[in-house]
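S.K.: Take this structure, written in structure tokens, and hold onto it; I'll ask about it next.
The values are calculated or read from the model by the stated rules, or taken from the named source; none is laboratory data. Remember, predicted model here, so these are calculated numbers, not experimental data. With ideal geometry, Cβ positions are generated from the backbone for all residues, glycine too; neighbour counts draw on all protein chains shown. With ligands, DNA and RNA removed, areas are computed over all heavy atoms of the protein, side chains included. Shrake-Rupley method; radii C 1.70, N 1.55, O 1.52, S 1.80 Å.
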Amino acid sequence: MAGLFFFGAGGALLADQGDRHDSKPDPTRYDAPSPPRAGEVAYQDVERILATRCVVCHGCYDAPCQLKLTAWEGIARGASNEKVYNGTRLFPAAPTRLFEDALTASAWRERGFHPVLCERPGQDNIDGSVLAQMLLLKQQHPTPEGKRLPDTFDVSINRAQQCTTIENFPEFSRRFPLWGMPFGLPELAAQDRDLLLRWIRQGAPRAPDAPPKPELDQQLSQWESWLNLDTPKRRLVARYLYEHLFLAHLYFGDDLHYFRLIRSRTAPGHPVDLVATRRPFDDPGVARAFYRFVPLGESVVSKTHMPYRLDQARLNLWQRWFADAPFEVKTLPDYQAENSANPFVTFSAIPVQSRYRFLLDEAQFTVMGFIKGPVCRGQQALDVIDDYFWVFFTDPSAIDERDQEQFLAANSQNLRLPAELESDAPILSHWKIYAKGQKRYLEARAAFFDQGHVKRVLPKGTQLIWDGRDEDGHDNPNAALTVFRHYDSASVEKGLIGDEPQTTWIISYPLLERLHYLLIAGYDVYGNLGHQLKSRLYMDFLRIEGEQNFLSLLPEGAHLAIERRWYRDAPRSTLEYVAASHLLLGDRSVVELGGLAPERAYQQLLARMRQRVDRVLAHQFDLQNLPSSAPRDALKKLADIRGISLQWLPQVVLIKLTVQRGDPIWLTLLNNSAHKNVAEIFFEDRRRLPEEDTITLVSGVLGAYPNAFWTVDEAQLPELTRRVATLAGEADYSALMDRFGMRRTNPRFWALSDQVHLAMRDRNRVSFGMLDYNRLENR
């Protein structure tokens, strides 16, 4: 086959595709990076290009071919034909987590990964690199011009993979000449491509990482010392904190160098020897595991970015809640699955107030775990929640702590979770066991709340809701959250965004803890179909419980009417379970909504709950916060559109609005799809209610996976609103994209991508992460 020729700043590069087998591969070649020599390009020099042009598709578990380009180690690891997200596998897969399950390129070769850099000594590094050849293929065959990509491009997240090796690249390039990198997007600028190819040709060198600054190093030592005190009490506390923070991107004070909390076989002061287990509560296999901080070591992507601040104020809280709290631990709990997967057993010695206040202190982070953790991928994983709902929390001081601890101890076995089971455990029989346990728990909870003592001290109506004030009288904006589902992804943000959500949850401590151990700590993304299905089915219990906590504050007639609306045409078994879950959390009479129609009562209750937390609400996404130059009235007309025309819109649209005065404004249009119910796993289309669809329009960028970009001038807003309100099919939407869309084929796409990322970084450096373009539509 004829070679591919590239002429650029690095000189003429010949990719001779007919000579790939002259030397034996050396899988250890990239086990450690080589420092650049004088005049050579270092990884740090190309990191920006990789982050802004490659990581946006190759950033996490769902990166095509598991080619994770967020770090030098990911490039050295290479690619694999195996998919992490596989909802049909019958047996668990071996975990392939970067920086955990193997630490060198040669170790990844033993796990079936093939290289994308040249590992054949003596061979030209460009000729022997899949990564380089993909860039050259794109240069020779750019993205076709036109409105849409040809049908030969499948850009869906579940598309069939073509994970070519360098040996098979001639056949790959013959069959898929248009599939160079970036796939289905415009090619890189010549200077960026030149720089990447020079770096690959020079052997992909990387300069050593700079050591932490002395002040940061001092904080790391302080925190590691605090976490590793050798008493049973402190070891249990450290275990609890680790099992809740293992996905966090931890940072110290205002220093935005991110770290992970891991378990190590070695104590502080010694090199880390990481303990890698499938789940954070699995047996570490050593007499004592130590809790250590390691640098994140890769580009930050929005879809997995969960920042968590560690500072002196946080340490003071943890000291009060955990170290100084008057409790004893005589014997450390074991790691047997039936115990370690149940936090109400493992951590029963730690006061409930301490655990709950810890979770509430960063409630967005706690809930974000099942939004940004590995579980949150794909339509079937997310059809258990509505498209748009608000979340409130019960006041941690609402119930006497001793009463609650006794109640949880008595019901710990009713609160067992599917994570205790092996992946091949029977689904139906165990689901029935958990259903019966949940029913016993709800019956016990109802009896508990009906006790004379509890009933006398239980706050009335919305006074049951946490108002965001902490023990020291400080306000905490985590008191109210908004969750958006975007069909096969989701987002959670602080504040009550929008006007009236589809549903509302009130979360108590037992519910919040189970959400974490079901969908974060206990969810195995490499598990089989049975594990994933059991987790999905159990989540129904938790959603219903959160909804019933809210509905219990409505008058009985309104409660039943709203409940029937949320569960239209649901299976009989679900309706029976929902009816059995009714619980009176407070005195409904004090809400004084009994004379109102159900919908009006629902609205009034939401208004009272909003008033309860109004002082602490976050407003960063409110349209009212837009600059004075923003055309608020015209935007409100767009946001007020309802009904069947919205079914043709994507779930998440990022809008660049050019105004007459001032800088461009970034907005996010969220399409809230309505359903008869979310109580079933399959046939979601049959449960759709497009006539009830709504829009939420917010200031800034919300969501990690945009489906489309629109660029609109202020004068065009009335036309855009008219077009959206009158959409009647794909042809209308295609015409709308012709007028306002920035399609993935547009040569100006990367310029717009850079603009939105710059705007996101300027708005909030802590929450900033690169967007993911794996869900960009081709419409």
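S.K.: Here are some residues: 620, 651, 660. Which one is free of Cβ contacts under 8 Å to residues at least 60 places away in the same chain and under 21 Å from residue 700 (Cα atoms)? It would help to see each step written out before you state the result.
M.R.: Working: 620 fails: free of Cβ contacts under 8 Å to residues at least 60 places away in the same chain; 651 fails: free of Cβ contacts under 8 Å to residues at least 60 places away in the same chain.
Checking each option against the conditions leaves just 660.
S.K.: While we're on this one: Collect the residues in region 344-362 that are part of a loop (DSSP other than H, G, I, E, B) and either closer than 18 Å to residue 326 by Cα or not acidic (Asp, Glu) (or both), keeping them in residue-number order.
M.R.: Within region 344-362, 347, 348, 349, 350, 351 meet the criteria.
Every residue, every condition in (1) touching a helix residue (DSSP H, G or I) at 6+ places or on another chain (Cβ under 6 Å); (2) modelled with pLDDT of 95 or more, yes or no:
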{"residue": "335", "(1), (2)": "no, yes"}
{"residue": "341", "(1), (2)": "yes, no"}
{"residue": "355", "(1), (2)": "no, yes"}
{"residue": "366", "(1), (2)": "yes, yes"}
{"residue": "372", "(1), (2)": "yes, no"}
{"residue": "377", "(1), (2)": "no, no"}
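S.K.: Identify the residue in region 146-166 that is open to solvent by 70 Å² or more (accessible area, probe 1.4 Å) and charged (D, E, K, R) and, among all such residues, is farthest from residue 134 (Cα to Cα).
M.R.: Checking each candidate, the answer is 147.
S.K.: Can you tell me which residues in region 550-562 are part of a helix (DSSP H, G or I) and within 16 Å of residue 390 (Cα to Cα)?
M.R.: Answer for region 550-562, where residues must be part of a helix (DSSP H, G or I) and within 16 Å of residue 390 (Cα to Cα): 550, 551, 562.
S.K.: Find the residue count for region 576-620, including only residues that are of a type in the set (A, V, I, L, M, F, W, C), assigned to a helix (DSSP H, G or I), surrounded by 16 or more Cβ atoms within 10 Å (Cβ to Cβ) and at pLDDT 90 or above.
M.R.: The total comes to 6.
S.K.: Select, from 512, 519, the only residue that is open to solvent by 10 Å² or more (accessible area, probe 1.4 Å), touching a residue at least 12 places away in the same chain (Cβ under 8 Å), farther than 17 Å from residue 617 by Cα and out of contact with any Lys or Arg (no Cβ under 7 Å at 6 or more places or on another chain). Write out each step before concluding.
M.R.: Numbers: 512 fails: open to solvent by 10 Å² or more (accessible area, probe 1.4 Å).
From the options 512, 519, the qualifying one is 519.
S.K.: OK, next. If residue 742 passes every condition in (1) out of contact with any strand residue (DSSP E or B) (no Cβ under 9 Å at 6 or more places or on another chain); (2) closer than 27 Å to residue 715 by Cα but one, which one does it miss?
M.R.: (1)
S.K.: Look at region 757-776 and say how many of its residues are open to solvent by less than 20 Å² (accessible area, probe 1.4 Å) and not in a loop (DSSP other than H, G, I, E, B).
M.R.: Qualifying residue count, region 757-776: 2.
S.K.: Taking region 722-738 on its own, how many of its residues are under 18 Å from residue 640 (Cα atoms), assigned to a helix (DSSP H, G or I) and either touching a strand residue (DSSP E or B) at 6+ places or on another chain (Cβ under 7 Å) or open to solvent by 20 Å² or more (accessible area, probe 1.4 Å) (or both)?
M.R.: Count: 3.
S.K.: Looking at 531, 559, can you tell me which residue is closer than 30 Å to residue 302 by Cα and open to solvent by less than 10 Å² (accessible area, probe 1.4 Å)?
M.R.: Going through 531, 559 in turn, the sole match is 531.
S.K.: Answer with yes or no whether residue 469 is open to solvent by 30 Å² or more (accessible area, probe 1.4 Å) and at pLDDT 90 or above.
M.R.: yes
S.K.: Determine which member of the set 637, 656 is open to solvent by 50 Å² or more (accessible area, probe 1.4 Å) and modelled with pLDDT of 95 or more.
M.R.: Among 637, 656, only 637 is open to solvent by 50 Å² or more (accessible area, probe 1.4 Å) and modelled with pLDDT of 95 or more.
S.K.: Still on this structure: Please verify whether region 351-359 includes one or more residues that are farther than 23 Å from residue 307 by Cβ and charged (D, E, K, R).
M.R.: no
Residue-wise test of (1) touching a residue at least 12 places away in the same chain (Cβ under 8 Å); (2) surrounded by 15 or more Cβ atoms within 10 Å (Cβ to Cβ).
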{"site": "251", "(1), (2)": "yes, yes"}
{"site": "254", "(1), (2)": "no, no"}
{"site": "260", "(1), (2)": "yes, yes"}
{"site": "265", "(1), (2)": "yes, yes"}
{"site": "280", "(1), (2)": "yes, yes"}
{"site": "283", "(1), (2)": "yes, no"}
{"site": "287", "(1), (2)": "no, no"}
{"site": "293", "(1), (2)": "yes, yes"}
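Okay, residues lined up against (1) surrounded by 13 or more Cβ atoms within 10 Å (Cβ to Cβ); (2) under 23 Å from residue 71 (Cβ atoms); (3) in contact with a Leu (Cβ under 6 Å, 6 or more places away or on another chain):
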position: 173; (1), (2), (3): yes, no, yes
position: 178; (1), (2), (3): yes, no, no
position: 194; (1), (2), (3): yes, yes, no
position: 198; (1), (2), (3): yes, yes, no
position: 204; (1), (2), (3): yes, yes, yes
position: 209; (1), (2), (3): no, yes, no
position: 227; (1), (2), (3): yes, no, no
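S.K.: Right, here's the next one. Looking only at region 743-756, count every residue that is of a type in the set (A, V, I, L, M) and open to solvent by less than 20 Å² (accessible area, probe 1.4 Å) and tell me the total.
M.R.: Residues that pass the stated criteria total 2.
S.K.: Return the residues of region 356-374 that are basic (Lys, Arg) and either under 10 Å from the mean Cα position of the chain (by Cα) or crowded, with 24+ Cβ neighbours inside 10 Å (or both); say none if nothing qualifies.
M.R.: Passing the criteria: only 372.
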